[in-house]
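Okay, structure first, notes after.
The values are calculated or read from the model by the stated rules, or taken from the named source; none is laboratory data. A quick note: this is a predicted structure, and the numbers were derived from the prediction, not measured. Glycine also receives a Cβ, built like all others from the backbone with ideal geometry; neighbour counts cover every protein chain displayed. SASA here: full protein model, heavy atoms, side chains in, ligands and nucleic acids out. Shrake-Rupley method; radii C 1.70, N 1.55, O 1.52, S 1.80 Å.
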Amino acid sequence: MAFAQETPPVQKPVIRVAVEGAYPPFNQIDPATNELQGFEVDLLKRLCEVMETSCELVQHEWDGIIKGLINREYDAIMSSLEITERRQKRIVFSDPYYRIPAVFIGSKETKLGEVTPQALAGKKIGTIERSDHETYLRTFYPNSEIALYAKADEASLDLLVGRLDAVFGDELLLSKFLKSREGECCHVLGDAPADPAYRREVYGIGLRKEDEALRERFNRAIAQVKADGTYDQIRAKYFSFDIK
């Protein structure tokens, strides 16, 4: 009697993706399981489901992570790699999968939305020195006094005691202060105005220049998870504000 031969299961192509594992809540090592976890890890798993492929996470320290990609130690980097002109000379990026908004925070006595250069003229604004935020303020807020700090926490504490009228910085850092006991004094006054626009930090998946087909697959998957709502479900586990 002849028996039908079983068809071997189709092996999904494996994409090896480098993750640092030291930048919570985006990526970190779970001390209990010693496995990678975080926003980027959860999002990557969903992207791989959409692409109908298997993804293997490769933990790699930050130093040399782009060199490892170029040397084909893995196929992609998804580890809060900011899209910059300098990096684009070496590699290509997917479409951005997250952005960090720039916001003004201030006392709850200050009305929401009063963050234009005109509204903050004569006011003292704190920000981190040698940052894009400082450059933005010096360019577009010439009638405000700019106070510079080494750390966002230092600026926030001066806001708390009334030495500043506002603090300008990325929402990720400033939201930590607002969630603290000290931060009960204050709230987000508003995002950086649309005009003059602030160039927000944007982050994408890093890929080799010759891997255009893989780049397009990631781009389609990123678009799909944003459209079908799963992106926001994952984001809400880690952030209280929109980072699309």
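Among ILE66, ILE70, which is open to solvent by less than 30 Å² (accessible area, probe 1.4 Å) and of a type in the set (Val, Ile, Thr)?
Details: ILE70 fails: open to solvent by less than 30 Å² (accessible area, probe 1.4 Å).
None of the other options fit; the residue is ILE66.
Within the stretch 73-86, restricting attention to residues that are over 21 Å from ARG220 (Cα atoms) and of a type outside the set (Asp, Glu), which residue is most open to solvent (accessible area, probe 1.4 Å)? Write out each step before concluding.
Start the filter on the stretch 73-86 by keeping residues that are over 21 Å from ARG220 (Cα atoms), which leaves 73, 84-86.
Now narrow it down to the ones that are of a type outside the set (Asp, Glu): 84, 86.
On the way: THR84: 41, ARG86: 198 Å².
Only one residue fits best here, namely ARG86.
Any residue in the stretch 224-244 that's under 17 Å from SER94 (Cα atoms): show its pairings with residues that are modelled with pLDDT under 95 and among the aromatic types (Phe, Trp, Tyr) at Cβ separation under 7 Å, as long as the two are six or more apart or on different chains. Going by the 7 Å Cβ cut-off, there are no qualifying pairs.
Cβ-Cβ distances below 6 Å connect the following pairs, each with a first residue in the stretch 158-185 that is under 20 Å from TYR136 (Cβ atoms), a second residue that is aromatic (Phe, Trp, Tyr) and at pLDDT below 95, and a separation of six or more residues or different chains: GLU171/PHE241. Residues in the stretch 196-241 that are open to solvent by 80 Å² or more (accessible area, probe 1.4 Å), farther than 17 Å from GLY38 by Cβ and within 18 Å of the chain's Cα centre (by Cα): ARG199, ARG200.
The set of residues in the stretch 29-52 that are over 18 Å from ALA236 (Cβ atoms), outside any helix (DSSP H, G or I) and not small (Gly, Ala, Ser) comprises ILE29, ASP30, PRO31, THR33, ASN34, GLU35, LEU36, MET51, GLU52.
Would you confirm whether any residue within the stretch 90-105 is more than 18 Å from PHE239 (Cβ to Cβ), free of Cβ contacts under 8 Å to residues at least 24 places away in the same chain and among the charged types (D, E, K, R)? Break it down stepwise before answering.
Going through the stretch 90-105, the residues more than 18 Å from PHE239 (Cβ to Cβ) turn out to be 90-95, 104.
From what is left, the residues that are free of Cβ contacts under 8 Å to residues at least 24 places away in the same chain are none.
Checked the stretch 90-105: no residue is more than 18 Å from PHE239 (Cβ to Cβ), free of Cβ contacts under 8 Å to residues at least 24 places away in the same chain and among the charged types (D, E, K, R).
For the stretch 87-150, give me every one of the strands (runs of 3 or more DSSP E) that falls completely inside it and has 1 or more residues that are over 27 Å from TYR231 (Cβ atoms) and open to solvent by less than 70 Å² (accessible area, probe 1.4 Å). Walk me through it before giving the result.
Details: elements: 98-100, 102-107, 124-128, 145-149.
Because the criterion is at least 1 residues that are over 27 Å from TYR231 (Cβ atoms) and open to solvent by less than 70 Å² (accessible area, probe 1.4 Å), the strands (runs of 3 or more DSSP E) in the stretch 87-150 that meet it are 102-107, 124-128, 145-149.
Within the stretch 43-61, can you find the residues that are open to solvent by less than 50 Å² (accessible area, probe 1.4 Å) and among the hydrophobic types (A, V, I, L, M, F, W, C)?
Narrowing the stretch 43-61 to residues open to solvent by less than 50 Å² (accessible area, probe 1.4 Å): 43-44, 47-48, 50-51, 53-55, 58, 60.
If the condition is that a residue be open to solvent by less than 50 Å² (accessible area, probe 1.4 Å) and among the hydrophobic types (A, V, I, L, M, F, W, C), then LEU43, LEU44, LEU47, CYS48, VAL50, MET51, CYS55, VAL58 are the ones that fit.
Contact map, the stretch 53-65: first residue touching a residue at least 12 places away in the same chain (Cβ under 8 Å) and assigned to a loop (DSSP other than H, G, I, E, B), second residue open to solvent by 60 Å² or more (accessible area, probe 1.4 Å) and not acidic (Asp, Glu), Cβ cut-off under 6 Å, separation 6 or more or different chains; pairs are THR53/LYS12; THR53/PRO13. Residues that are assigned to a loop (DSSP other than H, G, I, E, B), farther than 30 Å from ARG217 by Cα, in contact with an Asp or Glu (Cβ under 9 Å, 6 or more places away or on another chain) and open to solvent by 70 Å² or more (accessible area, probe 1.4 Å): does the stretch 154-177 have at least one? Scanning the stretch 154-177, I find no residue that is assigned to a loop (DSSP other than H, G, I, E, B), farther than 30 Å from ARG217 by Cα, in contact with an Asp or Glu (Cβ under 9 Å, 6 or more places away or on another chain) and open to solvent by 70 Å² or more (accessible area, probe 1.4 Å), so the answer is no.
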